[in-house]
Amino acid sequence: MMPLAFAPEGSLVRIIDIMAGRGLTRRLIEMGLVPGSVIKVVKTMGPGPIVIEVKGTRLALGHGVSMKILVELVEGRI
Amino acid sequence: MKIIIRLGILFTGLGYILMAFLSVLNWISTAFSVNIGYIPLLDYVSNDLGYALSTFTIGMLFIYGGWKGPSDVKGLSTILVGGILATALFFLQLLIVGAGIADVFILAVAGEEAGEYDILRSLLQGSILLGLPALGLLAYSITVFKKMNRKDTGYGD
Amino acid sequence: MSHCDTWIPKARRKKEKEAKIRVALAGNPNVGKSVIFNELTGGRAWVGNWPGKTVEKKVGVSEVDGLELEIVDLPGTYSLTAYSIDELIARNYIVDEKPDTVVNVVNATALERNLYLTIQLLELGSNLIVALNMMDLAEKEGIKINVRKMSQILGVPVIPTVAIKHVGLDELKETIVKIAGKKPKTRKIVDYGKTVEREIEKLSRMARELGLGEKYDCRWLAIKLLEKDSEIEQKLLLINNGCRLVEAAKSSRIMLARELGMDIEEYMVEKRYLRIKEIIEACIEKGASPEVSLSDLVDYAVTHRVFGIPVMLTILYMLFQFAFTVAIPLMDLMDLLFNTYLYDLITGSQLPSLLKSFLADGIVAGIGSILVFLPNIVLLFLALSFLEDVGYMARAAFVIDRLMHKLGLTGKSIIPLIIGFGCNVPAVMATRPIEDEDDRKVTALVVPLMSCSARLPVYLLFAGAFFPAYQGFIVTSMYLLGLFLAIGVALIFRKLVFRGPTSAFIMELPPYMIPLAKNIKLKTWERTKRFLFKAGTVILVGMLLVWLLSVTGPQGFLGSKALEDATLLEKSWVGILGHLFEGVFKPLGWDWRAAVALLFGFIAKEIVVGTTAILYGATEENLKTVLNSVFTPLTAYAYMAFVLTYVPCLATLAAIKSELGWKYMLLALVYELALAYFLALGIIFIGKFIGFR
């Protein structure tokens, strides 16, 4: 288990938990980042924003946000 | 065949880098009134730093793309984007030339004093000259992309 | 009805009561909602604000079979919670105004995300039609949707469309009319499980007893209460016995939290997504999708950690070259038409001299000063709209976000800052989409430090007069100075004044698309219109005021000669004011005339050069030499820096006031004045120290 920020590029991860305030959590959940769902890490630039694919669309998340989302690896680099 | 293409891409990239370098020289000589002596190629580039940055970027993209090769996703990406930017620069230069001509025209019609405008020289700018092979590269990278997506026909690469 | 009447559709019968059908457009951002809006209204639309808010409201009209449709474009949202203004506006419009039909524009290639809003709209009780847009893209990606099955499951009409090719829109219009005014029955779109459904039943019954069934869908109310929706709670507390319902909801929540073992909101969101999955599985056949899409391919290089920013700078460079250089002939044309032809025409005519002056120096000069920049600004907006519609701007914001964060801003701030180089007014307005309040405020306050095109003539004049050899370099230094100041000011504001946490960056990256020329034209026209009206009226009124103050003085009317004769001008109100400020500017080495020019520049920076010419009694040719006798290179540079910083032009201040309010407008005014003054002082001081005069 690790923060989304550390997930390797090209991997599939499952969301375990979101450790953020109410408003942010709500927004993330609505964008499809629901605990239990699987997302793909499209691009990660080390310390910086990342791009994920969730529910069929591309989302860019800031570093702070991706640090608050805990995930586990489903499939490594594709 | 592949090697020739990659070399072509690399050389185009180097060409753009050269333009960037010359552009910086040009800028230094204009902004600081330093006399560098006459380098023939200086007439073919703008003395604008932004231009230098742009051509440098395009050059880097092509060089990276040529090095990685168009069969690599990363390489293809940089070639494609480099091609797009170079083509944009090409058309931009054409537009600027057009604007220059229009301006001289307008001022002349109004009876104001208008400067001269050397059409040939503005057309011979590096961005236009190198823009032609760049256009070719753009088209090429798109065809490679299309071929890539047809690989589920089973004939693979 | 007599036997001779043929059956009249319900909508036509309504015509007796209301002449038009009210339609609301709802949907996620980036689904082509505005394309559908434009296609339906054909450009017959107007833009305003939702009452009391700074969110844009677009209303348009359309026609079907002789019936008029009034179409409201609701803000693009992903959901209908109480967490954001956009969502509140959207849902309150549907609940309070009760439009006859709601059209939910859905992106067929992103159903899982889009249907979430659809479900919310259905639960809200809207009379819904789903416009399944981007069907062509779905086909390309191998997604086949069984439209009839989806319509069956959702219980509403589903119309496949390809908005940019105008496919399906006629059918959409007809369906809008067909189902207009129907009142949908409460249905259970999502089953939330026995325990939760029990509480929903309980609460909705209570709501019905309180008589809320008239206005609201009671099931929806119950669901919102269980989700602890703050706006609903507030509204209920205001009505008779509403507090009982709120209390009941509270105890339900506590009980459910215990039984479910998790946060209720999360639980309900999960249930919705599960239902969505079911719906999708029933309606969709997904074929083989391409490994790498073209968008992905481009994105690799565009968002690359090393290449990303250079690519962005390159695109920006080309943007500005386009907007400035290509605009030159057009600007010259404008200048000739107004400041020469028209001006000469008026001054050469037989009109009474006062009227002549009013028309020529007041109105023509005023309008001229705005119109000269029009080509520049239009081209800038054109290029920006193109980049936005292609989808690049989202990438730009993404690429630069980290850097912006260090400066106390957000990636989304970059767009207003870029626009600011053309004109500060639309730039301030472009700060609206920045969600975080603090980020928005800081960005808007920093925008005036971006050297707009109106300041360029001032830079060129002084740079040309005092630094002829390094002209380009000096002008560029002004732009850079503005940037540095902006960074510094943003940091200071962030650390001291707006200490809120830096906002989370969440942004959707839509796939790249070839934009429709029509949409770009419309967008550009909208922005230009806004610029012309806001900036134009302010500048025009300002110029007339300046004119008035120049031709009159405490001794009475001075006549139009005052504008040509500097000694006469000194006796006018303008001259008096100038002398008043002289003391303030003495340490900077500027005389009363420079002060007056600055005063005029407050109205609009464009007129500083013209005013300077009049004040020093010079013509365009010898202005430079005249200036040399009044300024020194050092004081001139300080003057340029002052012009860069001192005050946002009147129109910009008006924009700041309308976006952020009086307080922030005053803040902008005060901080910039102070900054400008001390900056100029600093330059003079350092200059003298180094050895300049």
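The values are calculated or read from the model by the stated rules, or taken from the named source; none is laboratory data. The model shown is predicted, which means the values in this text are computed figures rather than measured ones. When we count neighbours, we look across all protein chains shown, and the Cβ atoms used for this are built from the backbone with ideal geometry, even at glycine. Each accessible area value is taken on the protein alone, full model and side chains, heavy atoms only, with ligands, DNA and RNA left out. Shrake-Rupley method; radii C 1.70, N 1.55, O 1.52, S 1.80 Å.
Would it be correct to say that A:ILE29 is under 20 Å from C:LEU509 (Cβ atoms) and either in a strand (DSSP E or B) or away from chain C (no Cβ under 12 Å) (or both)?
Considered against the rule, which asks whether it is under 20 Å from C:LEU509 (Cβ atoms) and either in a strand (DSSP E or B) or away from chain C (no Cβ under 12 Å) (or both), A:ILE29 comes out as no.
Please specify each residue of the range C:202-238 satisfying the condition of being open to solvent by 90 Å² or more (accessible area, probe 1.4 Å) and part of a helix (DSSP H, G or I).
Matches in the range C:202-238: C:LYS202, C:ARG205, C:ARG208, C:GLU209, C:GLU214, C:GLN234, C:LEU237.
Output the number of the condition that C:ALA504 fails; it satisfies all remaining conditions of (1) touching a Leu at 6+ places or on another chain (Cβ under 7 Å); (2) assigned to a helix (DSSP H, G or I); (3) surrounded by 15 or more Cβ atoms within 10 Å (Cβ to Cβ).
Every condition holds for C:ALA504 apart from (2).
Which one of these is open to solvent by 30 Å² or more (accessible area, probe 1.4 Å) and among the hydrophobic types (A, V, I, L, M, F, W, C): C:LEU382, C:LEU387? Don't jump to the end; show me each part of the working.
Numbers: C:LEU387 fails: open to solvent by 30 Å² or more (accessible area, probe 1.4 Å).
Being open to solvent by 30 Å² or more (accessible area, probe 1.4 Å) and among the hydrophobic types (A, V, I, L, M, F, W, C) holds for just one of C:LEU382, C:LEU387, which is C:LEU382.
For the range C:273-285, indicate whether the set of residues that are within 22 Å of B:TYR64 (Cβ to Cβ) and loosely packed, with under 15 Cβ neighbours inside 10 Å is non-empty. First the steps, then the outcome.
Step one: list which residues in the range C:273-285 are within 22 Å of B:TYR64 (Cβ to Cβ), which gives none.
No, the range C:273-285 has no match at all.
For every residue, the table says whether it meets (1) open to solvent by less than 10 Å² (accessible area, probe 1.4 Å); (2) within 36 Å of the chain's Cα centre (by Cα).
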position	(1), (2)
C:LEU588	yes, no
C:ALA595	yes, yes
C:LEU615	yes, no
C:VAL670	no, yes
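If A:GLU53 satisfies all but one of (1) within 20 Å of C:PRO29 (Cα to Cα); (2) in a strand (DSSP E or B); (3) facing another protein chain (nearest Cβ under 8 Å), what's the number of the condition it fails?
The one condition A:GLU53 does not meet is (3).
Out of C:LEU374, C:LEU382, C:LEU445, report the one residue that is of a type in the set (A, V, I, L, M) and farther than 28 Å from C:ASP86 by Cα. Steps first, please.
Values: C:LEU382 fails: farther than 28 Å from C:ASP86 by Cα; C:LEU445 fails: farther than 28 Å from C:ASP86 by Cα.
Just a single option satisfies the conditions, and that option is C:LEU374.
I'm told C:ASP361 meets every condition in (1) open to solvent by 20 Å² or more (accessible area, probe 1.4 Å); (2) modelled with pLDDT of 75 or more; (3) touching a helix residue (DSSP H, G or I) at 6+ places or on another chain (Cβ under 6 Å) except one. Can you identify the failing condition by its number?
Failed condition: (2).
Here's a check for you: in the range A:2-26, which residue that is part of a loop (DSSP other than H, G, I, E, B) and touching a residue at least 24 places away in the same chain (Cβ under 8 Å) is nearest to the other protein chains (Cβ to nearest Cβ)? Lay out the reasoning, then the answer.
Applying the first criterion (part of a loop (DSSP other than H, G, I, E, B)) to the range A:2-26 yields A:7-11, A:19-21.
Then keep just the ones that are touching a residue at least 24 places away in the same chain (Cβ under 8 Å); that gives A:7-11, A:19-20.
On the way: A:ALA7: 16, A:PRO8: 15, A:GLU9: 11, A:GLY10: 11, A:SER11: 16, A:MET19: 13, A:ALA20: 8 Å.
Taking the candidates together, the pick is A:ALA20.
Which residues, taken from the range C:291-310, are within 19 Å of C:ILE514 (Cα to Cα) and part of a helix (DSSP H, G or I)?
C:LEU294, C:SER295, C:ASP296, C:LEU297, C:VAL298, C:ASP299, C:TYR300, C:ALA301, C:VAL302
Any residue in the range C:76-100 that is without any contact (Cβ under 8 Å) to a residue 24 or more places away in the chain sitting within a Cβ distance under 6 Å of a residue that is charged (D, E, K, R)? List the pairs, counting only those 6 or more apart or interchain.
Within 6 Å, the pairs are C:TYR83/A:ARG26.
Looking at the structure I just gave you, is C:LEU40 modelled with pLDDT of 80 or more, assigned by TED's automatic domain parsing to the domain that holds C:ASN114 and in contact with a Gly (Cβ under 8 Å, 6 or more places away or on another chain)?
On the way: modelled with pLDDT of 80 or more: yes; assigned by TED's automatic domain parsing to the domain that holds C:ASN114: yes; in contact with a Gly (Cβ under 8 Å, 6 or more places away or on another chain): yes.
Yes.
Kindly evaluate A:SER37 against the criterion of being surrounded by 14 or more Cβ atoms within 10 Å (Cβ to Cβ) and more than 9 Å from chain C (Cβ to nearest Cβ). Don't jump to the end; show me each part of the working.
On the way: surrounded by 14 or more Cβ atoms within 10 Å (Cβ to Cβ): yes; more than 9 Å from chain C (Cβ to nearest Cβ): no.
No; evaluated as a whole, the condition is false for this residue.
Please note which helices (runs of 4 or more DSSP H) are completely contained in the range C:329-394 and include at least 3 residues that are under 30 Å from C:MET513 (Cα atoms).
C:374-390
Pick from the range B:65-87 the residues that are more than 8 Å from chain C (Cβ to nearest Cβ) and of a type in the set (Ser, Thr, Tyr): which of them is surrounded by the most Cβ atoms within 10 Å (Cβ to Cβ)?
Out of the qualifying residues, it is B:THR87.
Pick from the range C:453-501 the residues that are within 28 Å of C:PHE322 (Cβ to Cβ), surrounded by 15 or more Cβ atoms within 10 Å (Cβ to Cβ) and aromatic (Phe, Trp, Tyr): which of them is nearest to the other protein chains (Cβ to nearest Cβ)?
C:PHE473
Taking the range C:294-323, which residues are more than 9 Å from chain B (Cβ to nearest Cβ) and surrounded by fewer than 19 Cβ atoms within 10 Å (Cβ to Cβ)?
Pass one, the range C:294-323, residues more than 9 Å from chain B (Cβ to nearest Cβ): C:295, C:303, C:305, C:308-309, C:312, C:319, C:323.
C:SER295, C:ARG305, C:ILE309 - these are the residues of the range C:294-323 that are more than 9 Å from chain B (Cβ to nearest Cβ) and surrounded by fewer than 19 Cβ atoms within 10 Å (Cβ to Cβ).
Listed here are the residues, each with its yes/no results for (1) within 14 Å of chain A (Cβ to nearest Cβ); (2) assigned to a helix (DSSP H, G or I).
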| site | (1), (2) |
| --- | --- |
| C:ASN104 | no, no |
| C:GLN120 | yes, yes |
| C:SER126 | no, no |
| C:LEU137 | yes, yes |
| C:MET150 | no, yes |
| C:ILE153 | no, yes |
| C:GLU171 | no, yes |
| C:LYS182 | no, no |
| C:GLU197 | no, yes |
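What pairs come up if the first residue lies in the range C:655-666 and is without any contact (Cβ under 8 Å) to a residue 12 or more places away in the chain, the second is aromatic (Phe, Trp, Tyr), and their beta carbons are under 8 Å apart, counting only those six or more places apart or on different chains?
So the pair list comes out as C:LYS657/C:TYR664.
In the set C:GLU281, C:GLU285, C:GLU259, which member is touching a strand residue (DSSP E or B) at 6+ places or on another chain (Cβ under 6 Å) and away from chain B (no Cβ under 14 Å)?
Numbers: C:GLU281 fails: touching a strand residue (DSSP E or B) at 6+ places or on another chain (Cβ under 6 Å); C:GLU259 fails: touching a strand residue (DSSP E or B) at 6+ places or on another chain (Cβ under 6 Å).
The conditions single out C:GLU285.
Here is a check on your reading of the model: is C:ILE94 assigned to a helix (DSSP H, G or I), over 23 Å from A:ARG22 (Cα atoms) and either open to solvent by 10 Å² or more (accessible area, probe 1.4 Å) or out of contact with any Pro (no Cβ under 7 Å at 6 or more places or on another chain) (or both)? Let's see the steps before the verdict.
Values: assigned to a helix (DSSP H, G or I): yes; over 23 Å from A:ARG22 (Cα atoms): yes; either open to solvent by 10 Å² or more (accessible area, probe 1.4 Å) or out of contact with any Pro (no Cβ under 7 Å at 6 or more places or on another chain) (or both): yes.
Spelling it out, C:ILE94 is indeed assigned to a helix (DSSP H, G or I), over 23 Å from A:ARG22 (Cα atoms) and either open to solvent by 10 Å² or more (accessible area, probe 1.4 Å) or out of contact with any Pro (no Cβ under 7 Å at 6 or more places or on another chain) (or both).
Here is a check on your reading of the model: is C:PRO433 more than 14 Å from C:PHE493 (Cβ to Cβ) and either among the acidic types (Asp, Glu) or open to solvent by 10 Å² or more (accessible area, probe 1.4 Å) (or both)?
Values: more than 14 Å from C:PHE493 (Cβ to Cβ): yes; either among the acidic types (Asp, Glu) or open to solvent by 10 Å² or more (accessible area, probe 1.4 Å) (or both): yes.
Yes.
For C:TYR512, only one of the following conditions fails: (1) in a helix (DSSP H, G or I); (2) buried (at least 18 other Cβ atoms within 10 Å of the Cβ); (3) modelled with pLDDT of 85 or more. What is its number?
All conditions pass for C:TYR512, except number (1).
From the list C:LEU330, C:LEU354, C:LEU337, which residue is open to solvent by 40 Å² or more (accessible area, probe 1.4 Å), without any contact (Cβ under 8 Å) to a residue 40 or more places away in the chain and more than 7 Å from chain B (Cβ to nearest Cβ)?
On the way: C:LEU330 fails: without any contact (Cβ under 8 Å) to a residue 40 or more places away in the chain; C:LEU354 fails: without any contact (Cβ under 8 Å) to a residue 40 or more places away in the chain.
Going through C:LEU330, C:LEU354, C:LEU337 in turn, just one is open to solvent by 40 Å² or more (accessible area, probe 1.4 Å), without any contact (Cβ under 8 Å) to a residue 40 or more places away in the chain and more than 7 Å from chain B (Cβ to nearest Cβ): C:LEU337.
May I ask you to verify whether C:PHE373 is away from chain A (no Cβ under 14 Å), more than 25 Å from C:ASN49 (Cβ to Cβ) and either in contact (Cβ under 8 Å) with a residue 40 or more places away in the chain or surrounded by 24 or more Cβ atoms within 10 Å (Cβ to Cβ) (or both)? Don't jump to the end; show me each part of the working.
Numbers: away from chain A (no Cβ under 14 Å): yes; more than 25 Å from C:ASN49 (Cβ to Cβ): yes; either in contact (Cβ under 8 Å) with a residue 40 or more places away in the chain or surrounded by 24 or more Cβ atoms within 10 Å (Cβ to Cβ) (or both): yes.
Spelling it out, C:PHE373 is indeed away from chain A (no Cβ under 14 Å), more than 25 Å from C:ASN49 (Cβ to Cβ) and either in contact (Cβ under 8 Å) with a residue 40 or more places away in the chain or surrounded by 24 or more Cβ atoms within 10 Å (Cβ to Cβ) (or both).
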